[in-house]
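Everything on this sheet refers to the single structure shown next.
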Amino acid sequence: MITSLAGGRVLAEKHGATPPRVVALHGWGRDGTDFAAILSGLDAVSIHLPGFGPAPAPETVWGSEEYADLVADAIEAFAPVIVVGHSFGGRVAVRLAARRPELVAGLVLTGVPLLKLQAAAAPPLGYRLARWANRRGLVSDMRMDALRDQYGSTDYRAAHGVLRSIMVRVVNETYDAELQALAASAVPQRFVWGELDGEAPTDAGRVAAERVGAPLRIVTGAGHLLEGDLERAVREELHAVIAEIGARTGGAALSEPAAAAAAVDGHAAAAAARAAAARAAAAARAAAPAPEASA
């Protein structure tokens with residue numbers, strides 16, 4: 001069942017009763033229906049991020065920050081909530097948790113490309129020369145688009161219009177400040193990765209989980225998509241977060257929003273203060289003069 005949020009600006013799949021206590025954010029090229037089995041039996045919504053499923057694409061080039069701001073608008077009326085993020089949706093989830101920690105009671109991430117442990121391979125020489133020539137008017141835009149289709153990833157080739165530019169922007173983002181904020185947060189967090197994930201390698205997921213201080217569950221034989229054993233593992237970890245919040249609230253369930261929200265408000269306020277401190281520390285380090293190199 002589709003519902004609307006944020007005055008009709010956001011579309012979502014609705015599960016259970018209102019208000020939702022869990023919000024799910026899907027991966028690139030997917031939509032809110034991906035979480036049907038994971039959210040079954042819960043009071044939850046799975047948002048169709050703009051540009052996917054029935055949701056129209058943004059009119060301008062967004063990054064994960066703009067997506068996070070829209071999600072914040074959508075959930076502010078009933079937050080704090082547990083946020084489940086897969087792949088691209090996880091990028092949005094960490095932005096949301098860092099920028100608006102008072103809205104997030106818990107976090108479950110799966111297959112999210114938060115870190116690059118190795119530099120991306122350089123494009124073929126022929127493509128780089130064509131790009132150089134295109135910037136100088138020596139190769140037409142039509143020819144350049146054909147080369148992008150030839151050398152681009154599957155997701156890039158499948159994207160059209162503004163979504164191509166959004167994808168380029170998003171895949172070049174970094175999340176160091178967000179990981180710092182999550183490390184300072186008191187809310188329950190879980191990382192769940194497929195052992196054979198080729199889109200968000202397990203080694204990078206392990207490093208991200210270590211930086212945050214969150215437990216990492218690796219699902220043997222699973223890949224990137226939410227199916228089979230990975231889908232079941234994400235559901236189990238989501239229920240573990242629900243149980244942890246219930247224990248903190250003296251047994252109040254997430255379906256009892258007033259009791260649960262009151263109990264997590266203190267954690268959210270503390271998390272917001274720690275996140276602000278982490279961002280200030282990061283800014284101070286960035287502003288400090290670099291040490292002189294020695295011979």
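The values are calculated or read from the model by the stated rules, or taken from the named source; none is laboratory data. What you see is a predicted model, and the numbers here were worked out from it, not measured in a lab. When we count neighbours, we look across all protein chains shown, and the Cβ atoms used for this are built from the backbone with ideal geometry, even at glycine.
Data for the structure
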{"quantity": "Among (1) surrounded by 23 or more Cβ atoms within 10 Å (Cβ to Cβ); (2) in contact (Cβ under 8 Å) with a residue 40 or more places away in the chain; (3) of a type in the set (A, V, I, L, M); (4) touching a strand residue (DSSP E or B) at 6+ places or on another chain (Cβ under 6 Å) - the single one Ala74 does not satisfy", "calculated": "(1)"}
{"quantity": "Looking only at the range 168-196, and only at residues there that are of a type in the set (Asp, Glu) and surrounded by fewer than 23 Cβ atoms within 10 Å (Cβ to Cβ), the one that is nearest to the chain's Cα centre (by Cα)", "calculated": "Glu173"}
{"quantity": "Lone qualifier among Ala158, Ala122 - being in contact (Cβ under 8 Å) with a residue 60 or more places away in the chain and either loosely packed, with under 15 Cβ neighbours inside 10 Å or polar (S, T, N, Q) (or both)", "calculated": "Ala158"}
{"quantity": "Checklist (1) closer than 29 Å to Ser153 by Cα; (2) at pLDDT below 95 applied to Gly8, failing item", "calculated": "(1)"}
{"quantity": "Qualifying residues in the range 1-17 (those that are surrounded by fewer than 20 Cβ atoms within 10 Å (Cβ to Cβ) and in contact (Cβ under 8 Å) with a residue 60 or more places away in the chain) - the one farthest from Gly246 (Cα to Cα)", "calculated": "Arg9"}
{"quantity": "Qualifying residue in the range 48-59 (condition: among the small types (Gly, Ala, Ser), more than 26 Å from Arg157 (Cα to Cα) and crowded, with 17+ Cβ neighbours inside 10 Å)", "calculated": "no"}
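The rows are residues; the columns are (1) at pLDDT below 95; (2) assigned to a helix (DSSP H, G or I).
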site: Pro20; (1), (2): no, no
site: Ser46; (1), (2): no, no
site: Ala55; (1), (2): no, no
site: Val61; (1), (2): no, no
site: Glu65; (1), (2): no, yes
site: Val71; (1), (2): no, yes
site: Leu114; (1), (2): no, no
site: Gln118; (1), (2): yes, no
site: Gly126; (1), (2): yes, yes
